[in-house]
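Structure first, then comments.
The values are calculated or read from the model by the stated rules, or taken from the named source; none is laboratory data. Remember, it's a predicted structure, so these values are computed and weren't measured experimentally. Every residue, glycine among them, receives a Cβ derived from its backbone with ideal geometry; neighbour counts consider all protein chains shown. Remember, those area values only see protein heavy atoms, side chains included, never the ligands or the DNA or RNA. Shrake-Rupley method; radii C 1.70, N 1.55, O 1.52, S 1.80 Å.
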Amino acid sequence: MNISEIEKKWQKKWQEDKLYSFDKNNLDKKYYLLEMFSYPSGSNLHLGHWFNYSLSDSFGRFKRMQGYNLFHPVGFDAFGLPAENYALKTGIHPKTSTEKNIAIMERQLKNMGTTYDWDYEIATCKENYYKWTQWLFLKLYEKGLAYQKFAPVNWCTHCNTVLANEQVVQGFCERCKHEVVKKNMTQWFFKITDYAEELLANLDKLDWPEKTKIAQKNWIGKSEGAEVDFYTENNEKITIFTSRIDTIFGVSYIVLAPEHELTLKITTKERLPLVQEYIYQASKKDEITRQSTTEEKTGVFTGAYAINPATNKKVPIYIADYVLSTYATGAVMGVPAHDERDYAFAKKYNLDILQVIDSQGSAIPFCEYGKLVNSNEFDGLDSKCAKSKIIEKLQAQGFARRKINYKLRDWSVSRQRYWGCPIPIIYCEHCGVVPVPYENLPIILPEDVDFTPDGTSPLAKHNGYLTTTCPHCHKPAKRDVDTLDTFVCSSWYYLRYPNAKNFDVAFDKEFTNKVLPVDKYVGGMEHATGHLLYSRFITKFLRDIGYLNFDEPFKSLVHQGLILGTDGQKMSKSRGNTINLDNFIELFGSDCLRLYLAFGFNYLEGGPWNENGIKSISKFLERVERLILKYDYKSKRTVFENTSAENELEYVLNNTIKECTDNMESFAFNSAVARIMELVNAIYKYELQENKNLYLIEECNKVVLKLLSPFTPHFCEELWQNIGENYSIHNQQYPTYDKTKLVKSQIEIVAQVNSKIITRLNINPNLTAEQVKEIALAQDKIKNAIANKQIVKAIYIPNSLINLIIK
RNA sequence: GCCGAAGUGGUGGAAUGGCAGACGCGUCGGACUCAAAAUCCGAUGUUGGCAACAACGUGCGGGUUCAAGUCCCGCCUUCGGCACCA
């Protein structure tokens, strides 16, 4: 078989016939399969792409054969920094290089032999896409969920742009690994925090990996507690947040964040210089050292005191940079006996340590729940009960209320870069912030822009873009010169696919509500707290404004594993451990690589690349080809009486179908292929019979081809044609199994005495436990093992074993 | 520090609490061949034994169970994620 020839031949034919077209008029049994779209980088598809896309494609083919109307679109996340950086280096415009790269990837994805329906292709940098990203921005603005704020933002010193919290990795830029600092700027934010509770609560409904749900849960960071007002001697109100109000009788000090609005106001005159110096030092500290848990806790006394409303005792007020101004109220109560940080702080500054939870002899700080002590009328209550009682009392006095806080921050979306979606906002001296009217969309990203990074937005330097007229008063006005975070583009792309060619709306409500949600979403774990969270937020928002009738975009999610270099390290150009696939594909073909990737790795785990097996897959395919082409499928066969050999083959046949179906469903592709190999082996074995049922062999062979066709689509299509079957194998029904063939008349089970294997028995599986026990007891080996001991118990597990317990 | 995942032959990897190592690779043996390759058949966890067989065996130490790779407790190692969140 000339591999490259037949692969090209069938790809062409499939495309001409639109074999994999989505039938948009038949949505009752649709299946929306989606891989996270990728950034069009310049080089060829790498191993990771192949692993991800080819196997997900096999899954899609499996679903098609099960009778689903498969919607399997593809597109490109085409805005972003790499193209811009590449342009700075080479002088090639981002648009040019991106378009070229998309063309390269399109060609290669087609060469892979995928089921993509190219009629629904999208690229986020195309006007017809980003027009609707701008529409989404305006909708969010209209509903008050896109807002501007002068606030400290994460600034990457290397990329010269703002980053979202989700893009900062341990104080460094996720993309370029350079330092990220805080900078005060006016920026656009999306109010994802409005959805914190639903984003958290709905996680339970999702068929997602548990670890991903936990990652989102931790990221949202819900904390239930109470706000308590402490008043200073000058009657300034300091509101603190605590999740441990049961320890309020143990408060020995209050701490404010250095940036807290009251710090300077309450500080006494003589302490002012010290406090100011501390605030200055804290502001200079970069985010990394400030966020380090190992950093020693520092602080400074303000000279002021506050009254603990529970005890009426005076406690000193400190400021310390371990308290974050961005979380809750930016003020906390210090309970050294029951909190690690407070304990360290109290030790250092010689503050009281009052135990108010019985530690049962454990050392202080004791941070668990327990029974209250030294807490007046609450003594003896357990923490949980005391919490509500204390809140109730303080609430009645007007000092406290229940409060829930989240770690989740609003999503900052302004970027001071060129290659992104322009923000459809105009600033008018008379009218203020004016959204671009919907009918004026898209705001086109101009091409003749100097985007050398200098800390300002490149679009600010483009006069034709910057200056415009106000849509209200028609006086001269200026455009917002930032572009949107590319995660905005990708937060709704799954809605656009079914509507890729729709020029009138972002998405047609009725149609989209039928095609969505995505039934199976495949992509990397690295998006757990970024893209996957943003997309859920946007879906919920669009639902709330009446555009969608579902709550969650991705019903079921799978993370593919990572293929590592042969050294077990993550593949990267700098490590020099990347794999060039061109040779393999040329030598063995795309089918062979696809099958090898399916068989050689656990899809959900990945692992180090190892090319040893690829040749064996090629041999396996040749073995299949020899087997298939040995028979004349059109000649008449006579009736054949089954002997045990036929029964055995039929058993393997049906068992293979059953196991294969289950394995495909759970992305256990390696096991699915193993089962197919077993069937092939069984057919070869059966062939050695003198008297054989050719019809049965031919039926088995056809099943082999069908089961294998999701993995090696060209190869199977070719053989399907060669044996005279009708085009196309990919439109065949996935094989189903006959339960009755899985019932054996004799099975081998294990006979144990005291859980130790003594012998094996061939029995009829329908026998009762008592009958099996008798058979076991008749065996000499069993008799010897039992000797003259007493049988106290017999455990019979049908199809598996009998275990006799003796004493 | 916290959260999560993983640790199984020479090797990639399988195992709803029920015969560990499916299926491959590799290795060894046989058939075919003048020979080699390819192909087909078979063996292959370790140790001891000619063998039947026996003992041991899923990172380490305990436990639950008739039965543990799988469940529980305590560690070690590796890889991810989060990191002063009151």
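The number of residues in the stretch A:18-41 that are over 22 Å from A:Pro498 (Cβ atoms) and either of a type in the set (Phe, Trp, Tyr) or modelled with pLDDT of 95 or more (or both) comes to 1. When A:Ile364 is tested against (1) free of Cβ contacts under 8 Å to residues at least 40 places away in the same chain; (2) within 30 Å of A:Ile444 (Cβ to Cβ), exactly one condition is not met: (2). If you go through the stretch A:763-807 and pick out every residue that is touching a helix residue (DSSP H, G or I) at 6+ places or on another chain (Cβ under 9 Å), within 19 Å of A:Val743 (Cα to Cα) and within 12 Å of RNA strand B (Cβ to nearest atom), you end up with 3. Selection of first residues in the stretch A:71-92 that are of a type outside the set (Asp, Glu) and of second residues that are open to solvent by 40 Å² or more (accessible area, probe 1.4 Å) and in a helix (DSSP H, G or I), restricted to Cβ pairs under 7 Å at least 6 apart or on distinct chains, gives the following pairs, ordered by first then second residue: A:Ile92/A:Tyr86.
Taking A:Asp358, is it under 21 Å from A:Phe230 (Cβ atoms) and open to solvent by 10 Å² or more (accessible area, probe 1.4 Å)? The answer is no for A:Asp358.
List, please: which pairs have Cβ atoms under 8 Å, are six or more places apart or on different chains, and start with a residue in the stretch A:568-580 that is at pLDDT 75 or above and end with one that is away from RNA strand B (no atom under 14 Å from the Cβ)? Listed pairs, sorted by first residue: A:Met571/A:His46; A:Met571/A:Gly48; A:Met571/A:Thr578; A:Met571/A:Ile579; A:Ser572/A:Thr578; A:Thr578/A:His46; A:Ile579/A:His46.
Conditions tested, residue by residue: (1) more than 26 Å from A:Gly524 (Cα to Cα); (2) at pLDDT 95 or above.
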{"residue": "A:Ile614", "(1), (2)": "no, no"}
{"residue": "A:Tyr631", "(1), (2)": "yes, no"}
{"residue": "A:Ser635", "(1), (2)": "yes, no"}
{"residue": "A:Glu646", "(1), (2)": "yes, no"}
{"residue": "A:Tyr651", "(1), (2)": "yes, no"}
{"residue": "A:Cys660", "(1), (2)": "no, yes"}
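On the given criteria, is A:Tyr327 aromatic (Phe, Trp, Tyr), within 14 Å of RNA strand B (Cβ to nearest atom) and assigned to a loop (DSSP other than H, G, I, E, B)? Yes: the conditions hold for A:Tyr327.
Taking into account only those residues within the stretch A:733-762 that are near RNA strand B (Cβ under 8 Å from one of its atoms) and basic (Lys, Arg), which is surrounded by the most Cβ atoms within 10 Å (Cβ to Cβ)? Residue satisfying both the conditions and the ranking: A:Arg760.
Okay, residues lined up against (1) surrounded by 21 or more Cβ atoms within 10 Å (Cβ to Cβ); (2) over 20 Å from the mean Cα position of the chain (by Cα):
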residue: A:Lys9; (1), (2): no, yes
residue: A:Lys13; (1), (2): no, yes
residue: A:Lys24; (1), (2): no, yes
residue: A:Trp50; (1), (2): yes, no
residue: A:Ser54; (1), (2): yes, no
residue: A:Phe71; (1), (2): yes, yes
residue: A:Tyr86; (1), (2): no, yes
residue: A:Lys100; (1), (2): no, yes
residue: A:Ile104; (1), (2): no, yes
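If you check A:Ala151, A:Ala78 for being of a type in the set (Gly, Ala, Ser) and within 16 Å of RNA strand B (Cβ to nearest atom), only one passes: A:Ala151.
A:Cys176 fails exactly one of the following numbered conditions: (1) at pLDDT 85 or above; (2) part of a loop (DSSP other than H, G, I, E, B). What is the number of that condition? Condition not satisfied by A:Cys176: (1). Here A:Lys387 clears all of (1) in contact with a helix residue (DSSP H, G or I) (Cβ under 6 Å, 6 or more places away or on another chain); (2) modelled with pLDDT under 95; (3) within 19 Å of A:Val153 (Cβ to Cβ); (4) not small (Gly, Ala, Ser) except the condition numbered (3). Taking the condition out of contact with any His (no Cβ under 7 Å at 6 or more places or on another chain), under 19 Å from A:Phe554 (Cα atoms) and open to solvent by 10 Å² or more (accessible area, probe 1.4 Å), does A:Phe37 pass? In short, yes. The test for being within 16 Å of RNA strand B (Cβ to nearest atom) and either charged (D, E, K, R) or touching a Pro at 6+ places or on another chain (Cβ under 9 Å) (or both) does not hold for A:Leu593. Criterion applied to A:Gly524, A:Gly600 was being within 12 Å of RNA strand B (Cβ to nearest atom), within 21 Å of A:Cys489 (Cβ to Cβ) and in contact (Cβ under 8 Å) with a residue 40 or more places away in the chain, and the one residue passing it is A:Gly524. When A:Glu622 is tested against (1) surrounded by 13 or more Cβ atoms within 10 Å (Cβ to Cβ); (2) closer than 16 Å to A:Leu705 by Cβ, exactly one condition is not met: (1).
Within the stretch A:227-244, the set of residues being near RNA strand B (Cβ under 8 Å from one of its atoms) and either crowded, with 20+ Cβ neighbours inside 10 Å or among the charged types (D, E, K, R) (or both) comprises A:Ile240, A:Phe241, A:Thr242, A:Arg244. Note on the stretch A:361-380: residues that are of a type in the set (Gly, Ala, Ser) and open to solvent by less than 30 Å² (accessible area, probe 1.4 Å) amount to 2.
Of the residues making up the stretch A:638-687, just one is loosely packed, with under 15 Cβ neighbours inside 10 Å, hydroxyl-bearing (Ser, Thr, Tyr), within 13 Å of RNA strand B (Cβ to nearest atom) and in a helix (DSSP H, G or I), namely A:Tyr684.
For the stretch A:303-319, the criterion of being within 16 Å of RNA strand B (Cβ to nearest atom), open to solvent by less than 40 Å² (accessible area, probe 1.4 Å) and assigned to a helix (DSSP H, G or I) is satisfied by no residue at all. Of all residues in the stretch A:106-120, those satisfying the criterion of being crowded, with 18+ Cβ neighbours inside 10 Å and either at pLDDT 95 or above or not in a helix (DSSP H, G or I) (or both) are A:Met112, A:Gly113, A:Thr114, A:Thr115, A:Tyr116, A:Asp117, A:Tyr120. Just one residue in the set A:Glu717, A:Glu774 is part of a helix (DSSP H, G or I) and open to solvent by 50 Å² or more (accessible area, probe 1.4 Å); that residue is A:Glu774.
Restricting A:Leu441, A:Leu466 to those that are touching a helix residue (DSSP H, G or I) at 6+ places or on another chain (Cβ under 8 Å), open to solvent by less than 40 Å² (accessible area, probe 1.4 Å) and under 16 Å from A:Leu138 (Cα atoms) reduces the list to A:Leu441. Within the span defined as the stretch A:188-204, every residue fails to be in contact with a helix residue (DSSP H, G or I) (Cβ under 9 Å, 6 or more places away or on another chain), open to solvent by 30 Å² or more (accessible area, probe 1.4 Å) and assigned to a strand (DSSP E or B). The set of residues from the stretch A:688-706 being within 13 Å of RNA strand B (Cβ to nearest atom) and in a helix (DSSP H, G or I) comprises just one member, A:Val704. Regarding A:Thr247, is this residue among the polar types (S, T, N, Q), within 12 Å of RNA strand B (Cβ to nearest atom) and assigned to a strand (DSSP E or B)? Answer is no for this residue. Of everything in the stretch A:381-395 that is away from RNA strand B (no atom under 14 Å from the Cβ) and not charged (D, E, K, R), the residue that is surrounded by the most Cβ atoms within 10 Å (Cβ to Cβ) is A:Ala386.
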